[in-house]
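Quick notes on the structure that follows.
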Amino acid sequence: MIMKKILAMMMLAAVTCVNAQQQHEGKNVLFGIGEPLVLTGITADKSSASFSATEYILDAMNFGAIRAWMHQTEILRSPSEANSDKVRQYTDALNMYAGLGMEITGLSHRWFIVGKDGKLLQSDGRMYRRDTTEGSLYIKSLQAIEEGWRTMVALFPQVVQWEVGNEWNTSDFLNVYPEDDTPLTDEERMEIATDMMYYAYRGIKSGNPKASVVSFSPAIAMSSFAGKDGHERMVPFTNAGYGIALALSRVYANIASGQYPAGLAPDKDPDHYFDMVAWHPYLLTGMNPMIISETYPAQGRFFREEHVDALWQNFNDMAYNVMVMNGDADKKVLLTEMGFNDWHNIDKEQAHLAEYERLFAMVSETMPYVKTVHLFRLLTAPAEYQFGLFWHGMKEYNDWLTKSNFKDIVAPYTEVYPDFSPREKAYTIQKITGGNKPLELPNEIRSRIH
């Protein structure tokens, strides 16, 4: 621990130093992308045109890392049994990413829990309240989570690091089971998250001792000003980005308490919970246009526009400072989701081009603790915010938009581009990553896209 404290002081002094960019198979892992390609069916068939198109644009963009959605409940039939068809689909995709020289981070935020009748249930972000009683459904479900990780990780040696959860500091990705129970408080969510990370770590290291374990990725505290459960999360005028540091501080406090993990001997060493730390430092006003149209300037939404600036860096630095204060200065950070949503507004997209440039300049020059920035996402998608670098599903998006809450704020597309067509932001990112291949699909692939 003394050595960790010394390392913490050294790393803190080096915050202003240039980031030593790491290489993976000759590519810079600072430049990452995230997309649920197999989950959405885009790369589910190795012989398909969409598989070839994806391989081409990933190579052209020169990304050094990719975050792949790989849910236990999709790949496994149970915590101990794999779905061979799904394993084949993911193996084909992962081999393609690895063949392009990309470092792969696998993510699962769906798992199995044990029902009251003893049968396994698929969970999309639901978990029992923390119950440390021996033989409780909570303990049995933690054991099922561990077994699920062990089984899945052993199947995919191409994945060098596994992210064990997504935005568990929000009710969207971690809430109570059964659903009609009282919603979890923030404190309860972080209690459960601490246990789940420990059991996930055990499963991952058992399935592949060489794999690195990445913490769950806290989000900005989007509901930090008035929680649905009635609890104040932060001081009302605090920027929501500081919710990341708040979530991490609660996790570290739980670990240090000696009361974790549930069902096993107490373990106060963060190294047995995660090897790296992840978070999602989005800018709040870019996530949802209704924030501005309906609440500005009420509810603490005092920014019409936000930028990658000193404030953005500060709430990232404060999250890292939580790591430093808990002896984890030597652990690397993955920003496993970051990007800008333009709602297909040309003026916004133009403004965001400079933001991408500032983002990577700031991270590479003054945030040496960051290993990778995974941009969210590669493709636009129906019923999704428009973060994507390449067009996909524009007609379906227009159909969805006419029925959505945003139809009076966001206009539908007037021109529909073919799938996998590059947006202007793709050209900006390619310039940053140093890619040099044309971004338009070659005719032999384009002719197969319908």
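Numbers for the structure displayed
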quantity	calculated
Matching residues in region 99-122 - criterion: being more than 18 Å from the chain's Cα centre (by Cα) and under 20 Å from THR194 (Cα atoms)	PHE112, ILE113, VAL114
Of all residues making up region 237-262, the number that are under 24 Å from ASP131 (Cβ atoms), buried (at least 19 other Cβ atoms within 10 Å of the Cβ) and small (Gly, Ala, Ser)	2
Tabulated pairs, region 158-185, first touching a residue at least 12 places away in the same chain (Cβ under 8 Å), second among the aromatic types (Phe, Trp, Tyr), C-beta under 6 angstrom, 6+ apart or interchain	VAL164/PHE216; GLY165/PHE216; ASN166/PHE173; GLU167/PHE173; TRP168/PHE216; LEU174/TRP168; TYR177/TYR128
GLY148 vs. criteria touching a residue at least 24 places away in the same chain (Cβ under 8 Å), in contact with a Pro (Cβ under 7 Å, 6 or more places away or on another chain) and open to solvent by less than 10 Å² (accessible area, probe 1.4 Å)	yes
Some residue of region 337-351 being touching a Leu at 6+ places or on another chain (Cβ under 6 Å), in a loop (DSSP other than H, G, I, E, B), touching a residue at least 12 places away in the same chain (Cβ under 8 Å) and under 22 Å from ILE220 (Cα atoms)	yes
Hits in region 147-192 - residues which are part of a helix (DSSP H, G or I) and either within 25 Å of GLU103 (Cβ to Cβ) or polar (S, T, N, Q) (or both)	GLY148, TRP149, ARG150, THR151, MET152, VAL153, ALA154, LEU155
Subset of region 183-225 (residues that are more than 17 Å from the chain's Cα centre (by Cα), open to solvent by less than 10 Å² (accessible area, probe 1.4 Å) and of a type in the set (Phe, Trp, Tyr))	TYR199
Residue list for region 79-89, restricted to those being among the hydrophobic types (A, V, I, L, M, F, W, C) and open to solvent by less than 20 Å² (accessible area, probe 1.4 Å)	none
Residue match in region 339-355 (condition: surrounded by fewer than 21 Cβ atoms within 10 Å (Cβ to Cβ) and over 30 Å from PHE406 (Cα atoms))	no
Boolean, SER447 is free of Cβ contacts under 8 Å to residues at least 12 places away in the same chain, small (Gly, Ala, Ser) and surrounded by fewer than 18 Cβ atoms within 10 Å (Cβ to Cβ)	yes
Test: residue in region 317-329 that is of a type in the set (Phe, Trp, Tyr) and open to solvent by 10 Å² or more (accessible area, probe 1.4 Å)	no
Residue in region 266-277 that is at pLDDT 95 or above, surrounded by fewer than 19 Cβ atoms within 10 Å (Cβ to Cβ) and assigned to a helix (DSSP H, G or I) present	yes
Conditions (1) over 23 Å from PHE360 (Cβ atoms); (2) over 21 Å from the mean Cα position of the chain (by Cα); (3) among the aliphatic types (A, V, I, L, M): number failed by ALA93	(2)
Members of region 209-228 that are under 16 Å from ALA193 (Cβ atoms), modelled with pLDDT of 90 or more and in a loop (DSSP other than H, G, I, E, B)	SER215, PHE216, PRO218
Checklist (1) under 19 Å from PHE216 (Cβ atoms); (2) in a helix (DSSP H, G or I) applied to VAL87, failing item	(1)
Single residue of region 378-419 satisfying the filter (among the acidic types (Asp, Glu), under 27 Å from GLU55 (Cβ atoms) and part of a loop (DSSP other than H, G, I, E, B)) that is least open to solvent (accessible area, probe 1.4 Å)	ASP419
Only listed residue being open to solvent by less than 10 Å² (accessible area, probe 1.4 Å) and modelled with pLDDT of 95 or more, chosen from LEU121, LEU76	LEU76
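Residue-wise test of (1) modelled with pLDDT under 95; (2) open to solvent by 20 Å² or more (accessible area, probe 1.4 Å); (3) part of a loop (DSSP other than H, G, I, E, B).
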position: LYS4; (1), (2), (3): yes, yes, no
position: VAL15; (1), (2), (3): yes, yes, yes
position: THR40; (1), (2), (3): yes, yes, yes
position: ALA44; (1), (2), (3): no, yes, yes
position: ALA53; (1), (2), (3): no, no, no
position: ARG67; (1), (2), (3): no, no, no
position: THR91; (1), (2), (3): no, yes, no
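The values are calculated or read from the model by the stated rules, or taken from the named source; none is laboratory data. Model, not experiment: these values are computed from the prediction. Cβ: placed from backbone, ideal geometry, glycine included. Neighbour counts: every protein chain shown. In case anyone asks, the SASA skips ligands and DNA or RNA and just uses the protein heavy atoms, side chains included. Shrake-Rupley method; radii C 1.70, N 1.55, O 1.52, S 1.80 Å.
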